[in-house]
1. Out of region 1-21, which residues are more than 17 Å from Arg49 (Cα to Cα), loosely packed, with under 10 Cβ neighbours inside 10 Å and not small (Gly, Ala, Ser)?
2. Check Ala40, Ala74, Ala61, Ala25 and return the single one that is under 12 Å from the mean Cα position of the chain (by Cα) and among the hydrophobic types (A, V, I, L, M, F, W, C).
3. Cβ-Cβ under 9 Å, sequence separation 6+ or interchain: first residue in region 22-37 and over 15 Å from Cys54 (Cα atoms), partner part of a strand (DSSP E or B) and of a type in the set (Ser, Thr, Tyr). Which pairs?
4. Within region 42-82, take every residue that is under 17 Å from Glu23 (Cβ atoms) and of a type in the set (D, E, K, R) and give me the one that is modelled with the highest pLDDT.
5. Going by what's in this entry, would Val71 be described as part of a strand (DSSP E or B) and either in contact (Cβ under 8 Å) with a residue 24 or more places away in the chain or among the aliphatic types (A, V, I, L, M) (or both)?
6. Quick one: Glu28 ticks every box in (1) in a strand (DSSP E or B); (2) exposed (fewer than 10 other Cβ atoms within 10 Å of the Cβ); (3) of a type in the set (D, E, K, R) except a single one, so which number is it?
7. Among (1) at pLDDT 85 or above; (2) touching an Asp or Glu at 6+ places or on another chain (Cβ under 7 Å), there is one condition Val5 misses while meeting the rest; what is its number?
8. Taking Gly29 as the residue in question, decide whether it is out of contact with any strand residue (DSSP E or B) (no Cβ under 7 Å at 6 or more places or on another chain) and at pLDDT below 85.
Amino acid sequence: MRVKVRKVGNSLTITVPKAMARELALYEGVELEYSIRDGALVVSPLGSRWERLCADAQRHAREMGLTEDDVMDAIDEIRGRR
């Protein structure tokens, strides 16, 4: 996949396409690590995909005003425990 490098202030940025971001569970605020290997820029998200998905779910729940108990009650309801 090809993307263009863009200048923002004194830095250069690379846009991560939406489909690729979704596959990697990337969202605004995720920390990335980058390095140069064999002349190529390698960018890797920190933490596992599962950790990033959980953090994203927690962020969404907080934004919606949900508590941990609210989420656990919803999970129990979906599982048919209530």
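The values are calculated or read from the model by the stated rules, or taken from the named source; none is laboratory data. Here the structure is a predicted model, which is why all the values come from computation and not from measurement. Every residue, glycine among them, receives a Cβ derived from its backbone with ideal geometry; neighbour counts consider all protein chains shown.
1. The answer is Met1, Arg2, Lys4, Val5, Lys7, Val8, Asn10, Leu12.
2. Numbers: Ala40 fails: under 12 Å from the mean Cα position of the chain (by Cα); Ala74 fails: under 12 Å from the mean Cα position of the chain (by Cα); Ala61 fails: under 12 Å from the mean Cα position of the chain (by Cα).
The match here is Ala25.
3. Leu32/Ser44; Glu33/Ser44; Tyr34/Ser44; Ser35/Ser44
4. Among those that are under 17 Å from Glu23 (Cβ atoms) and of a type in the set (D, E, K, R), it is Glu51.
5. Details: part of a strand (DSSP E or B): no; either in contact (Cβ under 8 Å) with a residue 24 or more places away in the chain or among the aliphatic types (A, V, I, L, M) (or both): yes.
When the stated conditions are applied, Val71 does not pass them.
6. Failing condition for Glu28: (1).
7. So the condition that Val5 fails would be (2).
8. Details: out of contact with any strand residue (DSSP E or B) (no Cβ under 7 Å at 6 or more places or on another chain): yes; at pLDDT below 85: yes.
So Gly29 fits the description; yes.
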